[in-house]
Ligand SMILES: Nc1ncnc2c1ncn2[C@@H]1O[C@H](COP(=O)(O)OP(=O)(O)OP(=O)(O)O)[C@@H](O)[C@H]1O
């Protein structure tokens, strides 16, 4: 029985055990080799069904316990062949037993951003479609898994949880070595490709978003009717194709660093291996059978190559194995359910299926977390060409054939200025503004004496860390910009009120430092042109504790060409003398500015240009706040002597501001 056109009613489904799927976020795969996960193998023995059993037929297979079974040895009738698997389900086992025992436990990996696959394997008529799809009365793995998965994603992606989740489904069949989209049968034969991380992709395959089981049914039921089935002597509704349901779970982190994860679940109902002497296949059925058997033969070769550790695994020898590349010996948590039949007429098929299952349980996969940074938090990520175009356009873009052997890379992304940087991180798909920010950071790091291009030449992992930092900084900048706008608005309001007082002040005297930092660009620089007379007058003002200038006679050495002793000439000069209170106050103001000001704020200080401001901000981010103004020397933006004049210039400006301030 295949291609069941209806799905079970929801009330007949098992209760969802969401606790079992609670997400534990895994960091597997970041730099280290992911730990191995063996392909799990379960065997299911179906009961006798009408039409297949002969009179007085007794089963040729017998279960021993919940892991092992025995079958008569056709070479020696006195003996039996014993097999042990991860699970054995006898003829009385229910659909729920198989689902809960072997399938449900792997669903949680999808929420960790890992891939999983369930394959039903076995001879024709042994119960693969019954196991995977079932009937309305006895729902199989597919409806049960979908129901649980949708429930899990609803819980994990609920408002207030750290990740937002979305689910999509695709459904395809491999019929006579053609990949057909069951959700869009008109799209023709699709190509299978592999990305640089070894993920298998089918460009142009329809993806339908699903949020509820009703959504799933709405797409799945009509698509199931598109599946190719036909009657054979052994099965009235025999699957003539391998059917693959692909369910993708996308996760987006709601807060920084806005990671993104993708977990894929393959639910595969393989076509059964067929002995054409018994199926009575002729004509088209024989041709179909040939395609089915040869792809299953390649599947056996792939499993053998993986078991023997051969350097070449013949994944590309059939569409089926190409599609299963990341499930067998790849990145998925995989479970193979080998379906067998009890009738004697199935004996040889059963032995062959059991031998295949026994070999498969030696196959080792290395599942890893499929995680990346969500760069479009700041700028929309360019979707890949394949995702943007419909099936037919994608096919046209690619050409009619599957990709060349030995050229597993996906098609080149659209040409873009950053393509030189694209081998690991998705720089090529990056928004130009983001790339510009990245380059600025790169220049900044370069200007601090780092050799080469520190950002763009670093390995992927480090680069991702740096890019995370860029994103965080950008958010911080946004926050500061907002704050600055608020302050500017306040200043403007204040200025309107203060206009009268300003008129009384000399035009050469400026606003207090605190307000200048957020007002018009670089007003503080004007403070240095305060006429000395004015300052002198100010020094003589009633506010006697701020003395900033003092007239002093000083001897100056004069160069004498012919004399050995230099002549000295007494002359009057002005020496800056700042009162200790003002000095301490000014130092504190500058220190506050160094620790809290943005690069733009810092540029309003005397002797600080754009480059120095950026270096100061960068140093602060790396080392924490400045404990004293002298720390500026450690930033290497000024020497000790320059620091002294920097302090004087700024404190002078500050004093001038204070004197003019109406308060
Ligand atoms: N565990 C079971 N309990 C009851 N009936 C079963 C069971 N397994 C299979 N059947 C019945 O056996 C018949 C054949 O099963 P099914 O179509 O699932 O086989 P299949 O392996 O998918 O075959 P094919 O490869 O030809 O598509 C169907 O009528 C199905 O309902």
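Bear in mind that the values in this text are calculations on the coordinates, not laboratory data. None of these values were measured; they are calculated from a predicted model. Here the Cβ positions follow ideal geometry from the backbone for every residue, glycine too, while neighbour counts run over all protein chains shown.
Our estimate of slack between residue 304 and residue 348, defined as 0.36 nm per intervening residue step minus the Cα-Cα distance, is 13.9 nm. Projecting label points 7 angstrom from Cα along Cα→Cβ for residue 588 and residue 496 puts them 3.4 nm apart.
Between the alpha-carbon centres of the range 65-117 and the range 589-644 there is a gap of 68 Å.
Computing FRET efficiency as 1/(1 + (r/R0)^6) for residue 221 and residue 77, where r is the C-beta to C-beta distance and R0 is 41 Å, gives about 0.30. As a proxy for reagent exposure, ranking 41, 61, 49 by other Cβ atoms within 10 Å from fewest up yields 49, 61, 41. The fewest-to-most ranking of 259, 161 by surrounding Cβ atoms within 10 Å reads 161, 259. Most tightly packed first, judged by the mean number of other beta-carbon atoms within 10 Å of their residues, the peptides 113-123, 262-272 read 113-123, 262-272.
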